[in-house]
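What follows is one structure encoded as structure tokens, with my remarks underneath.
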Amino acid sequence: MLPVKETWLVSGMRQAVAAGRSRPVPSLRRSQGRLTADSFCVHRIIEDPEWSLAAVPRLTELCLQHIAHNFTQNPILDRLLPEHQRKVLDRLPTGLPLAVTANLVLELIPLCKDYVRKLEVDQFLPPLKVDPKEEADDISDSGSDLGFGEVPMHHYDLGALITALPYLEELHLTYGVKDCGMNFEWNLFKFTYQDCCNLADAVKKCHKLKVFKLTRSNVDDDKTRLLVRSLLDHPSLVELNLSHNLIGDTGTQAVGKLINRSRLETLDLCNNKIHHAGAQALAQALAQNCTLTSLNLRLNYLEDEGGEAMGRALLANTTLKSIHLGSNMLSEPSAVLFSQVLAQNATLTCINLSCNHIGPDGGKQLLEGLAGNKTLTEFDLHLAEVGQESEFLIGQMLWANRHAARLGPQPQPPAGPL
């Protein structure tokens, strides 16, 4: 039976009608013979059409809502029944901390480990402070380098996840936080040495890894050397991206060793702190290398000493197809050497010297070297101050090379009889 609601009507009220006249409302008194204090009121019982049994959630649903709402503080998914686990997972927000969701992912690994080929993490939540009382048993007073009151802080260790994916081929990581706004702190972007050790151990065990990208993570020389040590003689790695970090000459020298002790084809060191010493180390490795096809050194500090070293390496190298040296404070001496590269190198198809101070004389040198080149199809000289005439003529030569590349090699006519 549906619940009811009470309605009280007062007898003796009058209802307005047309022409301003009124007529009495029929009396709703329960009995004409009873003239008591409530004789002018009627208690009517009617059904409530808005009430529904479905509007009252079950206790199980209320409990599942509470679990999903407080999942960050109390992740008890493993204690639920399978049908309840699915309902909780459907209600969880996508912005949960990695320290919470990683354990859920680990539970799914047995089902998906044979199918995962790429793992991309574009931000990490701030490192969690370890309770000093818990760390007191592990860190001795004599052996600790931490100051008074300082607590070691590290990000989530991806080792268990990465090593559990035997067919992982691509790994893209960025140790930072997006859209932090007014909550900005340098600590949000701190890639600790312990983070690097954990990552290096994991990558070393990932034998099928082909692409490794660690960008915008404040990777310095020491961390670069540690990572490179784990990648030496890697059986599968063909692309390494360490762009937008803090790598200097020492770290670049370690990368130079990696070039000839791996199968690298693409190397991106854009926007670091590489000077001429680091460029010379890369050039020395590049002169002997036979696998690398693309090198990006944009937004560094090579200057002419480093630019000339790269040019001399390209005179000996026969495999590199693309090199980016934009925004490296290069000038006319580098252009003179690259004019020789253009005249002798028959492998390069793309060169970028944009945002350098090549100058008009350097532009003429490059134009002269390009005169006999038939393989270069892209040559970016924007904001290099080479002069409009040189830039126009170089563009015409590149157009001819691209046109010839599209047509492909033309068959030679058969020789006629003697």
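The values are calculated or read from the model by the stated rules, or taken from the named source; none is laboratory data. This is a predicted model, so every value here is computed, not measured. Ideal geometry is used to build each Cβ from the backbone, glycine not excepted, and the neighbour counts take in all protein chains shown. Just the protein is used for accessible areas: all its heavy atoms, side chains included, with ligands, DNA and RNA removed. Shrake-Rupley method; radii C 1.70, N 1.55, O 1.52, S 1.80 Å.
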Checklist entry - How would you classify region 351-402 from its alpha-carbon gyration tensor, with a ≥ b ≥ c the square roots of the eigenvalues: rounded for a/c under 1.5, else prolate if a/b is greater than b/c, otherwise oblate? => result prolate
Checklist entry - Excluding Ser262 itself, what net charge comes from residues whose Cβ is under 13 Å from its Cβ, given Lys and Arg +1 and Asp and Glu -1? => result +3
Item to check | Accessible solvent surface per residue of region 272-418, calculated while the other protein chains remain in place, 1.4 angstrom probe, Å² | outcome: 51 Å²
Checklist entry - Going highest first, how would you order 321-334, 186-199, 388-401 by mean Cβ packing within 10 Å? => result 321-334, 186-199, 388-401
Next on the checklist: Tell me whether region 197-304 comes out rounded, prolate or oblate; compute the Cα gyration tensor, take square roots of the eigenvalues as a ≥ b ≥ c, and use a/c under 1.5 as the rounded threshold.
Outcome noted: oblate
Checklist entry - According to the square roots a ≥ b ≥ c of the eigenvalues of the Cα gyration tensor, what is the shape class of region 180-227, taking rounded for a/c under 1.5, prolate for a/b larger than b/c otherwise, and oblate for the remainder? => result prolate
Checklist outcome for this item: Among Lys113/Lys205; Lys208/Lys321; Lys210/Lys321; Lys204/Lys321; Lys213/Lys321; Lys113/Lys210, the pairs whose Cα-Cα distance exceeds 23 Å are Lys208/Lys321; Lys204/Lys321
Next on the checklist: If the only charges are +1 at each Lys and Arg Cβ and -1 at each Asp and Glu Cβ, what is the size of the charge dipole of region 228-373 around the Cα centre, to the nearest 20 debye?
Outcome noted: 400 debye
Next on the checklist: I want the local charge near Leu314. Using Cβ-Cβ distances under 13 Å, sum +1 for each Lys or Arg and -1 for each Asp or Glu among the other residues.
Outcome noted: +1
Item to check | Whole-number percent relative contact order across region 254-379, with pairs defined as alpha carbons under 8 Å at least 6 apart | outcome: 22 percent
